[in-house]
Amino acid sequence: MDIVLIGAGSMAVAYAKTLDAAGLTYRCFGRGENSAKKFERETGVPAGTGPLSDQLATTSVKDAHAIVAVNVSELSSVCHTLLDAGVHRILVEKPGGVDLGEMQAIANADTNNQILVAYNRRFLKSTQKAAEIIAKDGGAQLIQFEFTELPDRIEALGVHPPEVLANFAFANSSHVFDMAFFLGRGSPDLSDVTVSGAVQQGKISWHPDGSRFASCGTIGNEALYSCFADWRSGGNWSVEITTPHRRLRLKPLETLTQQLRETFVVEDVALESDPEGLKPGLPDMVQNFLEDDGSRMPTMQDQVKRMQVFAKILSR
């Protein structure tokens with residue numbers, strides 16, 4: 001299998017370590033000299049430099065499996081380039097584009113559903129165990145999630161361009177949105193989700209959608225959802241799911257506790273251990289991408305429809 005890794009930053013290094021642990025070889029196409037040198041120091045694999053189109057002009061990636069781990073502002077353009085180069089399938093870091101416009105454009109170009117969006121938290125041991133319990137219990141009844149971000153830290157980093165900051169809920173918070181609705185058994189495109197109400201308040205200079213959010217609605221006839229976030233207060237990402245038999249809580253998302261029906265006791269749920277030194281969720285996600293054509297991940301067409309739901313929750 002021909003595997004190509006696009007990008008040479010920290011996320012690309014995480015993918016490289018995952019591929020190395022699985023005994024898989026790959027080619028890396030970076031961009032800048034500094035990041036390429038750092039990538040090689042950390043992985044032992046050389047990374048190309050310069051514009052991706054120039055690098056692809058000297059080699060073939062036709063029928064390859066491509067993993068795209070570049071900056072959010074470059075995700076869409078890289079996917080367009082790889083589609084034109086004839087790759088077999090693409091795993092692109094979330095959310096797939098800066099905004100809904102870019103996501104829609106790449107979805108329109110992806111006529112054969114070759115692009116899958118990487119939401120590694122679907123593959124956390126906690127998520128997989130919760131999904132197993134929910135299915136065993138007969139399905140979710142109520143889903144509640146929090147997607148609070150930390151704007152002071154985000155500003156201090158100084159690494160995100162204005163267009164990414166303006167869409168930071170898509171670029172980052174969509175992780176917990178995806179995880180909640182994945183566990184809530186919504187359809188892949190969330191076509192059965194109805195946003196009954198959504199309110200936003202507050203101000204952040206670089207985030208026009210505001211800083212406080214609350215929303216509620218239904219998932220088909222099977223479950224209710226509610227969510228909230230306050231980016232100007234204390235908070236964390238979390239997901240809670242109720243079934244006919246228990247309440248499951250993922251807070252933080254890598255952990256899982258349960259409270260059984262008719263009890264007040266909250267207890268830990270035993271989880272498998274993640275492989276040492278690898279980013280949680282990445283090994284199972286990469287395996288699903290390479291061995292099962294990404295059957296547990298959303299396509300770009302799915303992603304556009306899902307992010308349209310998220311936009312309603314953000315009161316866009």
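The values are calculated or read from the model by the stated rules, or taken from the named source; none is laboratory data. Keep in mind that what you see is a predicted model, and the values were worked out from it rather than measured. Neighbour counts are summed over all protein chains in view; Cβ atoms, including those assigned to glycine, are modelled from backbone coordinates with ideal geometry. The protein model used for the area step is the full one, side chains on, heavy atoms only, and it has no ligands, DNA or RNA in it. Shrake-Rupley method; radii C 1.70, N 1.55, O 1.52, S 1.80 Å.
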With label points set 7 Å from each Cα along the Cα-to-Cβ direction at residue 203 and residue 150, the distance between them in nm comes to 2.6 nm
How many Å² of accessible area per residue for segment 1-130, probe 1.4 Å? 41 Å²
Shape category assigned to segment 174-316 from the gyration tensor of Cα positions, a/c cut at 1.5: rounded
With +1 on each Lys and Arg Cβ and -1 on each Asp and Glu Cβ, and nothing else charged, work out how big the dipole of the chain is about its Cα centre, in Debye to the nearest 20. 500 debye
Expected output is a single nm value to one decimal: the length gained when fully extending between residue 226 and residue 251, i.e. 0.36 nm times separation in residues minus the C-alpha distance. What is it? 7.4 nm
Based on the Cβ-Cβ distance from residue 142 to residue 10, what FRET efficiency comes out when R0 is 35 Å, to the nearest 0.05? 0.45
Using only alpha-carbon positions, what ratio does the radius of gyration of the chain give when scaled by 2.2 N^0.38 Å? 1.00
Filter the cross-link list 17/38; 129/251; 38/62; 37/279; 94/312; 62/305 down to pairs whose alpha-carbon distance in this structure exceeds 24 Å. 38/62; 62/305
Charged-residue dipole, Cβ positions (Lys, Arg, Asp, Glu), segment 206-316 about Cα centre, Debye nearest 20: 760 debye
Carbon and sulfur %, accessible surface of segment 195-291 computed with the full protein complex present, 1.4 Å: 49 percent
Looking at the square roots a ≥ b ≥ c of the eigenvalues of the Cα gyration tensor of segment 1-94, which shape do they give, rounded for a/c under 1.5, prolate if a/b is larger than b/c, or oblate? rounded
Can you classify segment 233-275 as rounded, prolate or oblate using the Cα gyration tensor, where a ≥ b ≥ c are the square roots of its eigenvalues, rounded means a/c under 1.5, and otherwise it's prolate if a/b beats b/c and oblate if not? oblate
With unit charges on the beta carbon (Lys/Arg positive, Asp/Glu negative), name the residue among 196, 219, 233 whose Cα is farthest towards the positive pole of the charge dipole of segment 172-239. 233
Of the candidates 103, 159, 175, the farthest towards the positive dipole end of segment 74-196 (Lys/Arg Cβ +1, Asp/Glu Cβ -1, centred on the Cα centre) is 175
With 0.36 nm assigned to each residue of separation and the Cα-Cα distance removed, residue 312 to residue 113 gains 69.1 nm
In nm, the gap between the two label points placed 7 Å beyond Cα toward Cβ at residue 24 and residue 157 is 2.5 nm
Go through 266-274, 234-242 and give me the packing order, highest mean Cβ count within 10 Å leading. 234-242, 266-274
To the nearest 20 Debye, how big is the dipole of segment 1-160 about its Cα centre, given +1 on the beta carbon of each Lys and Arg and -1 on that of each Asp and Glu? 520 debye
Show me the ranking of peptides 192-200, 110-118 by mean Cβ neighbours inside 10 Å, starting with the highest. 110-118, 192-200
What distance in nm lies between label points placed 7 Å from Cα along the C-beta direction at residue 80 and residue 261? 5.3 nm
What whole-number value in cubic angstrom gives the convex hull volume per residue for the C-alpha atoms of segment 98-172? 159 Å³
Of the residues 280, 55, 308, the Cα lying farthest along the dipole of the chain towards its positive end, which is defined by charges on the beta carbon of Lys, Arg, Asp and Glu, belongs to 308
Find how many whole Å separate the alpha carbon centroid of segment 298-312 from the alpha carbon centroid of segment 170-217. 11 Å
With a 1.4 Å probe and all protein chains left in place, how much accessible area per residue does segment 166-316 have, in Å²? 46 Å²
